[in-house]
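Notes follow the structure.
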Amino acid sequence: MIKPIENMKDAFSLKGKNVIITGGNRGLGFGIASAMAQSGANIAIFCRDAAKAAEALNELKPYGTTCFSVSCDVTSLPSVRKAVAEAFDKFGSIDILVNNAGVSCTKSLLDMDEDLSDWYKVINTDLNGCVHMTYEVAKRMRDGGKGGSIINITSNAGFMVNHGQPMSPYSSAKAAMNHFTHCMACELAPYDIRVNGIAPGFTNSELSVHIPPDNLKRINQQAVAGRFGEPIEIGALAVYLASPAAAQVTGTVQVIDGGYMLRC
Ligand SMILES: NC(=O)c1ccc[n+]([C@@H]2O[C@H](COP(=O)([O-])OP(=O)(O)OC[C@H]3O[C@@H](n4cnc5c(N)ncnc54)[C@H](OP(=O)(O)O)[C@@H]3O)[C@@H](O)[C@H]2O)c1
């Protein structure tokens, strides 16, 4: 059984925990890497762009924990298997997995090419990438016998249909990730592995810089907070969910969108 909080002093600490973050080299993933490293965790960044990973690792240096990157394409199960084995060899155990890597597509279904490659790219990265990583990492958490925490970065688009930009593959992948989170929380509970989701709203990153100005204005008016979120704010919620303070929290998807959905 997952242990309840022992003392508040250490309740939010990730000291000595080993974390894998997919897409931790930029955007929300880097915000999560930074927040977790500042909370004492060792970080393995899984991504494809090695130069961007080197920049991220440089920025994590001041926090003094063990941080490294591993080349990984989450759409490929063999790539994930090799990368997880490499991280496991370096860490010796894995305590926390953050499934953050994701891509979007803002075409309507009927505007897509005949091979539907846009659809498959998003589903293969966002949904299947999360499944590949969970499969490989949860096995090792189970076999290690120390439990663990898995956090899936979904989106408030998994709960609603956004105005202004069609994104059916993205919204569908995120909705499926939300329910995959519920299913995994039940399946992995016997091994003391907690599984939760974070559903951000619009947050500053490279994914959000392509939003047309008219749409930007409307988005900021719709969010009660009146602004985009920042990656470090998503990181703060991820630290909480991974920490002993959240020992009783599993099977949830936490919306962090500045109140955007209140006015939908
Ligand atoms: N920004 C927002 O407004 C927002 C809102 C809600 C949810 N989200 C979610 O937050 C997550 C991060 O988004 P972001 O805004 O930070 O996007 P971003 O800046 O475009 O970063 C995407 C990250 O995913 C990685 N990635 C993409 N495809 C990959 C693959 N096949 N294998 C491994 N890594 C891959 C990228 O690394 P490489 O290219 O180096 O592989 C990069 O680190 C996504 O799941 C997104 O859906 C974002």
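Assorted remarks:
- Comparison of 174, 217 shows that the only residue that is buried (at least 16 other Cβ atoms within 10 Å of the Cβ), out of contact with any strand residue (DSSP E or B) (no Cβ under 6 Å at 6 or more places or on another chain) and not polar (S, T, N, Q) is 174.
- Restricted to the range 100-130, and to residues there that are in a helix (DSSP H, G or I) and of a type in the set (Val, Ile, Thr), the residue that is nearest to the ligand (Cβ to nearest atom) is 125.
- In the range 1-26, residue farthest from the ligand (Cβ to nearest atom) [restricted to those that are farther than 21 Å from residue 145 by Cβ and crowded, with 22+ Cβ neighbours inside 10 Å]: 21
- Residue count for the range 42-90, restricted to those that are over 17 Å from residue 135 (Cα atoms), under 17 Å from the mean Cα position of the chain (by Cα) and not in a strand (DSSP E or B): 3
- Spans of helices (runs of 4 or more DSSP H) in the range 131-247 with at least 2 residues under 24 Å from residue 52 (Cβ atoms) and touching a residue at least 24 places away in the same chain (Cβ under 8 Å): 168-188, 231-242
- Selection within the range 1-20 - within 19 Å of residue 86 (Cα to Cα) and out of contact with any Phe, Trp or Tyr (no Cβ under 7 Å at 6 or more places or on another chain): 16, 17, 19
- Hits in the range 36-61 (condition: out of contact with any strand residue (DSSP E or B) (no Cβ under 6 Å at 6 or more places or on another chain), over 19 Å from residue 233 (Cα atoms) and touching a residue at least 24 places away in the same chain (Cβ under 8 Å)): 47, 48, 49, 52, 55
- Unique match (being more than 28 Å from residue 95 (Cβ to Cβ) and not basic (Lys, Arg)) among 261, 177: 261
- Evaluating residue 93 against the criteria (1) small (Gly, Ala, Ser); (2) surrounded by fewer than 16 Cβ atoms within 10 Å (Cβ to Cβ); (3) in a helix (DSSP H, G or I) leaves one unmet condition, (3).
- Residue, surrounded by the fewest Cβ atoms within 10 Å (Cβ to Cβ), within the range 177-214, restricted to residues that are among the acidic types (Asp, Glu) and closer than 21 Å to residue 140 by Cα: 187
- Test result for residue 143, at pLDDT 95 or above, surrounded by 18 or more Cβ atoms within 10 Å (Cβ to Cβ) and of a type in the set (Asp, Glu): no
- Any hit, the range 168-184, residues being charged (D, E, K, R) and within 15 Å of the ligand (Cβ to nearest atom): yes
The values are calculated or read from the model by the stated rules, or taken from the named source; none is laboratory data. Nothing here was measured: the structure is a model prediction, and the numbers come from that model. Methodologically, a virtual Cβ is constructed for each residue, glycine included, from the backbone with ideal geometry; neighbour enumeration extends over all protein chains shown.
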